Structures are given as C-alpha cells and as structure tokens.
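Below is one structure; the comments refer to it alone.
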Amino acid sequence: MKEITLANVSEEVINQLPKGALLTVKSKDKLNTMTIGWATIGRVWNKPILTVLVRFSRYTHEVIKDANTFTVSFSTDGKLKEAIAVCGKESGRNMDKFQECGITPVYIDGIESPYIAEGDLHFVCKIVYKNTLEPELLSKEIKDQWYRDNDYHCIYFGEIMKILSK
Ligand SMILES: Cc1cc2nc3c(=O)[nH]c(=O)nc-3n(C[C@H](O)[C@H](O)[C@H](O)COP(=O)(O)O)c2cc1C
C-alpha cells in the first residue's frame, strides 16, 4: 500500500462511484460495511474532505451515528464486484457481511474503522461534521425522485486522513 494525494485520485473516484464502493464503519462493538454510490470529494475548512450519504434505514446508520471515523474502499480492478453487489442489498442486521463475502478488515493505528483488504484504493476519514437533510430545503425534483418514502440521508463529512493505493 502506498499513500497518494487527493488530486491524483479524484478522477478515478468519480469514475468508480457509479460501480459502487464499500463504506466501512466501526464503533465500539459494531462493525459493518455497505455499498455506496454517492459521495463528494473536495476541500472544506482547508481540509481534504470526503462526504458520504447514509439513509436512516440502513444498519450502517446505527453504526456511523456513534462513530468517529469511516473508510471507503474502491475496487478499480473489479475484485470486489461480488461483495459490492451483496453489500448493496443485504443488511448487516441480518448477516456478517465480512464472513459472507470473504472480505477482510484491515486496521490502521489510531483509526477505529478498518478498510477492506481486497479493495485497491482506500480513503481513511475522520468524521468532522454531520448533517441531516432538511426536507423543506430540498428541491421538489430531488425530493420527489429520491425521498418519496421519507427515508432521508444523513451526510457525513470525513476529513481525509490517508488515501492508500495498491
Ligand atoms: C450501487 C449502490 C449504491 C448505493 N449507494 C448508497 C448510498 O450512497 N447511501 C445509502 O444509504 N445506501 C446506498 N445503497 C444501498 C445500501 O448499500 C443497501 O441498502 C445496504 O443493504 C445497506 O446495508 P446495511 O443495512 O448493512 O447498512 C446503495 C446500493 C447500491 C447497490
């Protein structure tokens, strides 16, 4: 694993997101990973920031709401394709996705949330802000398309501590 900069990977991230990535979170005794397709990368508060959106219905929400960190693992070589499919439809409430998918958590010193060994591009983030979407502030178009069931997202802003690449 080598450490790389945000500018070097931004294009890759934008290209990979539609294929899905694994958002992994650990808090106390709870560990879970789920597929995400939406995220933004950029610079806020003079920090490199990755934001992820987690709906309240997800088991991941139950974990990340108390967490200090998260990771996002991409699979540019496609090795996580099957795991990304399973983790995008099954819930950690009902299964241990690590065991079921044969994926391996890797822990870094000082960061509670592991990344997924089988990925090849990882963002390691410290949560610096979170905010629930306010329905009345959303455009009608987005509200009608994505939130007809009132299952809103909470947005987590992660300060990017490390970007690791194989
Ligand atoms: C390609 C893809 C992208 C997804 N992106 C998101 C996302 O950005 N945010 C979200 O809350 N759910 C997203 N989902 C849905 C969750 O991955 C799915 O509901 C998962 O089963 C939740 O697992 P959990 O209950 O263990 O948290 C996505 C699913 C797929 C297949």
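The values are calculated or read from the model by the stated rules, or taken from the named source; none is laboratory data. Note that the structure is a prediction, hence the values are computed from the model and not measured. Backbone-built Cβ (ideal geometry, glycine too); neighbour counts: all protein chains shown. Heads up: the accessible areas ignore ligands, DNA and RNA and are worked out on the full protein's heavy atoms, side chains in. Shrake-Rupley method; radii C 1.70, N 1.55, O 1.52, S 1.80 Å.
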Study note, to complete from the structure: Leu121: passes all of (1) more than 14 Å from Lys26 (Cα to Cα); (2) within 13 Å of the ligand (Cβ to nearest atom) but (2)
Revision key, fill the gap. Scanning segment 77-117 for residues that are touching a strand residue (DSSP E or B) at 6+ places or on another chain (Cβ under 6 Å) and without any contact (Cβ under 8 Å) to a residue 12 or more places away in the chain gives Val106
**Study point:** Index of the failed condition, Val52 passing every other in (1) of a type in the set (A, V, I, L, M, F, W, C); (2) under 12 Å from the mean Cα position of the chain (by Cα); (3) open to solvent by 40 Å² or more (accessible area, probe 1.4 Å)
**Key:** (3)
Exercise for review: Would you please list the contacts, defined by Cβ atoms under 6 Å and residues six or more apart or on different chains, that run from a residue in segment 144-164 that is farther than 25 Å from Val124 by Cα to a residue that is modelled with pLDDT of 95 or more and open to solvent by less than 70 Å² (accessible area, probe 1.4 Å)?
Suggested key: Asp151/Arg55; Asp151/Ser57
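Mind checking which strands (runs of 3 or more DSSP E) fall wholly inside segment 32-81 and carry at least 1 residues that are within 12 Å of the ligand (Cβ to nearest atom) and of a type in the set (Gly, Ala, Ser)?
Numbers: elements: 39-44, 47-55, 69-74.
Answer list for segment 32-81: 39-44.
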**Study point:** Selection count where residues are within 14 Å of the ligand (Cβ to nearest atom) and either in contact with a helix residue (DSSP H, G or I) (Cβ under 8 Å, 6 or more places away or on another chain) or open to solvent by 40 Å² or more (accessible area, probe 1.4 Å) (or both), scope segment 16-31
**Key:** 11
Review point. Out of all the residues in segment 91-135, which are within 26 Å of Ala7 (Cβ to Cβ) and among the small types (Gly, Ala, Ser)?
Key: Gly110, Ser113, Ala117, Gly119
**Study point:** First in segment 118-139 and modelled with pLDDT of 95 or more and open to solvent by 50 Å² or more (accessible area, probe 1.4 Å), second anywhere and of a type in the set (Asp, Glu) and part of a strand (DSSP E or B), Cβ under 8 Å, 6 or more apart
**Key:** Lys126/Glu159; Val128/Glu159
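Keeping to segment 96-108, report how many residues are assigned to a loop (DSSP other than H, G, I, E, B) and surrounded by 14 or more Cβ atoms within 10 Å (Cβ to Cβ). Steps first, answer last, please.
To start, the set of residues in segment 96-108 that are assigned to a loop (DSSP other than H, G, I, E, B) comprises 96, 102-104, 107-108.
Among the residues that remain, those that are also surrounded by 14 or more Cβ atoms within 10 Å (Cβ to Cβ) are: 103, 108.
Number satisfying all stated conditions: 2.
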